[in-house]
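Written below as structure tokens is the structure these notes are about.
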Amino acid sequence: MRKIVLEKIDLLFEAISNTMSLYLPVDQNDGKAAYTKWEEGKKWSEALNTVKSPKDFFFPQTEDMMEFKVEGKNIEVIDTRKASEDFVVFGVRACDVKAFDILDKVFLVDPCDSYYATKREHGIIVAVACNKPSETCFCSAFGIDAADPKADVSAWKTENELYLQANTEKGEKLLKALENVTEEATEEKVTEQKEQIAKIMKKLPLADLDTSKFGGGKTDEFFNSPEWEELSESCLGCGTCTFVCPTCQCYDIKDFNTGNGVIRYRCWDSCMYSDFTRMAHGNNRNSQKERFRQRFMHKLVYYPENNEGIFGCVGCGRCVSRCPISMNIVKVMKNLGGKENE
Amino acid sequence: MNNTVDTLIPQVGVITDVRIDTPDIKTFRVVTPDGKKAFDHKPGQCAMLSIPGVGEAMFSITSSPTNTEYMEFSIKKCGCVTEWLHQAEVGQQITIRGPYGKPFPVDDAFAGQNMLFIAGGVGLAPLRSVINYCRHYRDRYGSIDIVYGSRSKDDLLDYQEIIDEWSKDAGVNVHLTIDREQEGWDGHVGFVPNYVKELGFDTNKTAVLCGPPIMIKFTLEGLIDLGFNKEQIYTTLELRMKCGVGKCGRCNVGAKYVCKDGPVFRCDELGELPDEY
Amino acid sequence: MQKITKEMLIDKATELLNNGTVSLVLGWKKGEYDYDVTPGVFESVEELKKDFVFGDFSAANLSKYLVKKTEKLEGKILVFLKPCDTYSFNQLLTEHRFDREKVYAVGVQCDGMVDIEKVKKIAGDGILSVDCNGEDIVVKTLYNDDMTIAKADVLAERCANCKSKKHVAYDELLGESGEVIDSNRFDEVEKLEKMTADERFAFWQNELSKCIRCNACRDACPACTCEKCVFNNPNSGVENKSPANSFEEKLFHIIRAYHVAGRCTDCGECSRVCPQNIPLHLLNRKFIKDINEFYGEYQAGAEVGSRAPLVDYTLNDLEPGEVFDRGDENA
């Protein structure tokens, strides 16, 4: 284990930046944190988390995929994929780290998505334990330990120091390169920190959120639940929950005519949108209730059914704090299938 | 960049023949620019065709895998991609990727069975592949019955092939029907589900259905009335697709993705899925 | 001024449900915390007693829901409207978006809504409870001692710059209706106007580049009630998303601002719902300010059926050349 005094944290950032791009949460002018490329003067945010999740690094909001040159009846397909270079994403929380696993199970299974894979291969994740989780946090419901995030490097922030522990080959390589700015450390302070976080986790309002009634094979139980009607009645059908969600991975593929060829790009899409499943001759999810149900059934039933019981939610709480009408997965979980959770 | 293949990046295909089947269905023959078949496939599988700048859409491969020279797609005009294709001429290049989806179990569950194919309208397109596959390996299957109906005689897909080839094959019975009386038609008149009941098939068959949702619903009921089990009946689904490989998230019915877990479903499996297709 | 409690609203709704005036109630439902209130429909007195809430977090403007909720409604729906919501209500009526006969509108006195983000900035994260009691707010958190904050310090932006405490539409009032306020709402716009064109472009580039194109601003906006939005039309080429060359930054919000110009009542829902905290209301306020200056004071939604300056010709209208010249001065 290594450590660095927080006062000198910029030395660490500088050392990383000397060899590759470093991204970390930085406060924006509205006071909210967003992942930003580090350069001198940028300060690591004190905020618990960013509004936008770090899924952007591997699955960007929009991404050019290929180009076509069209001449008369002829078409040329141009592979515009670029080689990724190593980069570090620093300050990722345990929930968001787990979200990468969830995305991996979609994008990396055969046939592997090369756009995602190359970025994932080159990204080095430094995860940081959460000292002060928010009232909107419920990662523990999904078996995530906010005190012990597992990424290439795990880090803990104590009052004056940052402790760093490598977990993977990539992580070891990174810490090795940072030996000049860090020093050898023992685990005592980290153990203390973990215990303290564990105590706080138990006091969170959503600490007892129960996931046991959900999971694969529960489609029949919940698909026709009468509660969907009320839960979805004021849903605006916007894509906020989807786009701030670290695990939502639905995308659209679209063409853009540049006047000098065609760029085919992909962009985030949302199952909440009315045209998501619309075809020329019909739409199998015509009402907002059906679209709303799809999003939550996917996270709580369909995804676990296809992925050894792992839920498609990590409890980051972004949808809880960002939904324009304050409807979210917590309310869905508590209300669905009777009110026994109250 | 990297040399990895990505299924989302298509290859170029050339339209080498356009056949006008009905007022709104054309059949397109597609090969690679060097004249080869773009890829191998199995009956029931699909391919993504696109016109850059217009869009990309999933179509079932109409030709049989036993055709090693080219692929065919019977396409009904109903959206922007299909409308564009209907205006395309021979020599036009498009892009093609695939094959996608789970095929009909032609070499296992279907092997040795008496086959009953039931199609309505453009629903014959995915079935033509498996029908011709069964005809090609004729000795691997028992009797073959084909019930096919459309709005009118002019709306019957592959009519020439049906008359000239299918109905002349030994052990293949073709039963055609159209919705309403029409001059020059002395065949059966009536909707497919009713015709199936009238024909009163023996239940020693494996049935394969494809057509508009309403036809499937009533034909399925008809077959059950005749004594068929859901385990003996197969159908194919169609939902909006973008990636074709179960990642873009839109074509699911419950936990199943039509693009990769389908489009072929056995009716008992389908019955376990939520009613959202 | 008397304090309006949720019980007063529940009593009113109960009375109107019981005497058959209305069959549904459009109001606010309590959430997990004190601040995450959801718009909702109530069908019975039991439902009202269980979940109805009204307070400093009942920020959502309910008027737009009337379009959908009255579509197939037999009888009437009760809707509670804060003063600024009544402007949206009137504007929707002006645009014939719902049938006035199907609605029973109860105007509710409003003392300003609280922005939970501002509360968090002062009290810190880990909010356990927020007790709003008139001028003061008592906040309990996981990490700090209980804190009392002046409500004035945590008012939502649109409430701090409130344009009117007057209810411009209602069948009945709960509490008092105030007056139109000579507010400071154009101060920020003036600051933008004083910037050089480059500075202003940089300001908006920075703000709009945060957009994730979730469409929340559009979907919450009471002026955005088109059956089929151009941004949902696959043939428009700008449906939902566009390629990486920043369409969102340059066009989406500007097209939207143009489309609601003259119809926007400045209810502020766009900025309230934006997950990226983009000050979208400033675009709309710029239009409102210009319209006021060019064509005389006009407040959309102040009365039903008023002719908005942009769709109404008068002999005194400013000549287009003068508008152009002014734009040039500011460049």
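Taking Cβ-Cβ under 4.7 Å as the only way to count a partner, pick out the unpartnered cysteines of chain B.
Isolated Cys, chain B: B:46, B:78, B:80, B:134, B:210, B:251, B:259, B:267.
Would you mind checking which residues have amide H under 5 Å from residue A:151's amide H? H placed 1.01 Å from N; only 5 or more apart, or other chain.
Here A:127 satisfy the definition.
Taking Cα atoms of the protein assembly as shown, Rg/Rh with Kirkwood Rh, to two decimals? Show your work: numbers first, answer last.
Working: Rg = 31.0 Å, Rh = 31.1 Å.
Reported Rg/Rh, Kirkwood definition of Rh: 1.00.
Got a sec to turn the phi values of the stretch B:76-85 into Karplus ³J(HN,Hα) couplings, 6.51 cos²θ - 1.76 cosθ + 1.60 with θ = phi - 60°, whole Hz, x for Gly and Pro?
The phi angles translate into 8, 6, 8, x, 6, 5, 5, 5, 5, 4 Hz.
To check you understand DSSP bridge types, tell me what percent of the beta bridges within the protein assembly as shown (both residues inside) are antiparallel, rounded to 5.
Details: 87 of 134 bridges.
Taking every DSSP beta bridge with both residues in the protein assembly as shown, the antiparallel ones total about 65 percent.
Show me the ranking of peptides C:107-118, B:150-161 by mean Cβ neighbours inside 10 Å, starting with the highest.
Numbers: C:107-118: 21.3, B:150-161: 18.1.
Averaged packing, sorted descending, gives the order C:107-118, B:150-161.
Could you calculate the contour length gain from residue B:20 to residue B:160, that is, 0.36 nm times the residue separation minus the distance between their Cα atoms, to one decimal place in nm? Don't skip to the answer; put the middle values down first.
Details: separation 140, 0.36 × 140 = 50.40 nm, distance 1.14 nm.
Length gained, residue B:20 through residue B:160: 49.3 nm.
Computed FRET efficiency, Cβ-Cβ of residue C:326 and residue C:196, R0 25 Å: what is it to the nearest 0.05?
Values: r = 16 Å, r/R0 = 0.63.
So, using R0 = 25 Å, E works out to roughly 0.95.
Mind jotting down the three principal axis lengths of chain B based on Cα atoms? Whole angstrom, largest first.
60, 44, 35
If you consider only alpha-carbon coordinates, what radius of gyration and Dmax does the stretch B:220-277 have, in Å?
According to the Cα coordinates of the stretch B:220-277, Rg and Dmax are 12.5, 40 Å.
Antiparallel DSSP bridges in chain C: what percent, to the nearest 5? Before the final figure, lay out each step's value.
Details: 18 of 29 bridges.
So the antiparallel bridges amount to about 60 percent of the total.
So which of C:3/C:30; A:199/A:299; A:254/C:72; A:289/C:102 end up more than 31 Å apart by C-alpha?
From C:3/C:30; A:199/A:299; A:254/C:72; A:289/C:102, over 31 Å: A:254/C:72.
If I take R0 = 22 Å and measure r between the Cβ atoms of residue B:268 and residue B:225 in this structure, what FRET efficiency does the formula 1/(1 + (r/R0)^6) give, to the nearest 0.05? Don't skip to the end; give the middle numbers.
On the way: r = 17 Å, r/R0 = 0.76.
Efficiency at R0 = 22 Å is approximately 0.85.
Would you mind telling me which residue in B:61, B:224, B:178 has the biggest mean-square fluctuation in a Gaussian network model of chain B, where springs connect alpha carbons within a distance under 10 angstrom?
Per the Cα network of chain B with a 10 Å cutoff, B:224 tops the list.
Would you work out which of B:58, B:143, C:168 lies farthest towards the positive end of the dipole of the protein assembly as shown, given +1 charges on the beta-carbon of Lys and Arg and -1 on that of Asp and Glu, about the Cα centre?
The residue sitting farthest along the positive end of the dipole is B:143.
Students often forget the sequence filter, so: which lysines lie under 20 Å Cα-Cα from residue A:73 once same-chain residues fewer than 8 apart are removed?
B:26, B:36, B:37
Based on alpha-carbon positions alone, could you give the equivalent ellipsoid semi-axes of chain C from the gyration tensor, as √(5λ), descending, whole Å? Could the numbers behind the result be given before it?
Values: eigenvalues 220, 131, 82 Å².
Those come to 33, 26, 20 Å.
How would you rank A:297-310, C:163-176, B:43-56, B:81-94, highest first, on the average number of other Cβ atoms within 10 Å across their residues? Don't jump to the answer; show the numbers that get you there.
Numbers: A:297-310: 20.4, C:163-176: 18.6, B:43-56: 22.9, B:81-94: 16.6.
Ranking the peptides A:297-310, C:163-176, B:43-56, B:81-94 by packing returns B:43-56, A:297-310, C:163-176, B:81-94.
When only alpha-carbon atoms count, how far does the stretch C:187-330 stretch along each of its three principal axes, as whole angstroms with the largest first?
Over the stretch C:187-330, Cα extents along the principal axes are 44, 37, 29 Å.
How large is ³J(HN,Hα), in whole Hz, for each residue of the stretch C:210-222 in order, when computed from phi with the Karplus curve 6.51 cos²θ - 1.76 cosθ + 1.60 and θ = phi - 60°, using x for Gly and Pro?
Each residue of the stretch C:210-222 in turn: 6, 4, 9, 6, 7, 6, 4, 4, 5, 6, 8, 5, x Hz.
Inside 10 Å of the C-beta atoms of B:83-91, what's the mean count of C-beta atoms belonging to other chains? Numbers along the way, then the final one.
Details: counts 1, 0, 0, 0, 0, 1, 1, 1, 3.
Mean shielding count: 1.
Ratio of the stretch B:114-236's C-alpha Rg to 2.2 N^0.38 Å, to two decimals?
Working: Rg = 13.4 Å, N = 123, 2.2 N^0.38 = 13.7 Å.
Taking N as the residue count of the stretch B:114-236, the ratio is 0.98.
Using every alpha carbon pair in the stretch B:10-155, what percent of pairs falls into each 5 Å bin from 0 up to the bin containing the largest distance?
2, 10, 19, 22, 19, 14, 9, 4, 1, 0
For a distance above 19 Å, tell me the whole-number percent of Cα pairs in the stretch A:219-335 that qualify. If you can, show how the numbers build up before the last one.
Numbers: 3474 of 6786 pairs.
So the pairs more than 19 Å apart make up 51 percent of the total in the stretch A:219-335.
Among C:281-291, A:34-44, C:315-325, how do they line up from the highest to the lowest mean number of other beta-carbon atoms within 10 Å? Intermediate results must be reported in sequence, preceding the final value.
Working: C:281-291: 21.3, A:34-44: 15.2, C:315-325: 9.8.
Averaged packing, sorted descending, gives the order C:281-291, A:34-44, C:315-325.
Would you kindly derive the ³J(HN,Hα) couplings of the stretch C:64-80 from the backbone phi angles with the Karplus curve 6.51 cos²θ - 1.76 cosθ + 1.60 (θ = phi - 60°), listing them in order in whole Hz, with x for Gly and Pro?
5, 4, 4, 4, 6, 6, 9, 3, 10, 6, 9, x, 10, 10, 8, 10, 9
Would you compute, for the Cα atoms of chain A, the largest minus smallest coordinate along each principal axis and list the three values in descending order, in whole Å?
For chain A, the Cα extents along the three principal axes come out at 65, 63, 39 Å.
Could you give the nm distance between label points at residue C:180 and residue C:45, where each point is 7 Å from its Cα heading toward the beta carbon?
Placing both labels 7 Å along Cα→Cβ, they lie 4.2 nm apart.
Averaging over all projection directions, find the projected area of the Cα convex hull of the stretch A:2-203 and quote it in nm² with one decimal place.
Values: hull surface 57.0 nm².
In nm², the orientation-averaged hull projection of the stretch A:2-203 is 14.2.
Could you tell me which of rounded, prolate or oblate describes the stretch A:106-166, using a ≥ b ≥ c as the square roots of the eigenvalues of the alpha-carbon gyration tensor, with rounded for a/c under 1.5 and, failing that, prolate when a/b is larger than b/c and oblate otherwise? All intermediate terms of the calculation are to be shown ahead of the outcome.
Details: a/c = 3.28, a/b = 1.62, b/c = 2.03.
Because a/c hits 1.5 or more and a/b fails to exceed b/c, the stretch A:106-166 counts as oblate.
Hey, in the GNM for chain B with a 10 angstrom Cα cutoff, which one of B:111, B:255, B:119 fluctuates hardest?
B:255
Looking only at other chains, what is the average number of their beta-carbon atoms within 10 angstrom of each beta-carbon in A:242-255? Walk me through the numbers before you get to the answer.
Values: counts 3, 7, 4, 0, 0, 0, 1, 3, 7, 7, 8, 10, 10, 9.
Mean number of neighbouring Cβ atoms from other chains: 5.
Over all residues in B:262-274, what is the mean tally of Cβ atoms on other chains that come within 10 Å of each residue's Cβ? Present the calculation step by step, with values, prior to reporting the outcome.
On the way: counts 0, 0, 0, 0, 0, 0, 0, 0, 0, 0, 2, 3, 10.
Average per residue, whole number: 1.
None of the figures in this text is laboratory data; all of them are computed from the coordinates on show. Source: prediction; values computed, not measured. Using ideal geometry, Cβ is built from the backbone for each residue, glycine included, and neighbour counts are taken over all protein chains shown.
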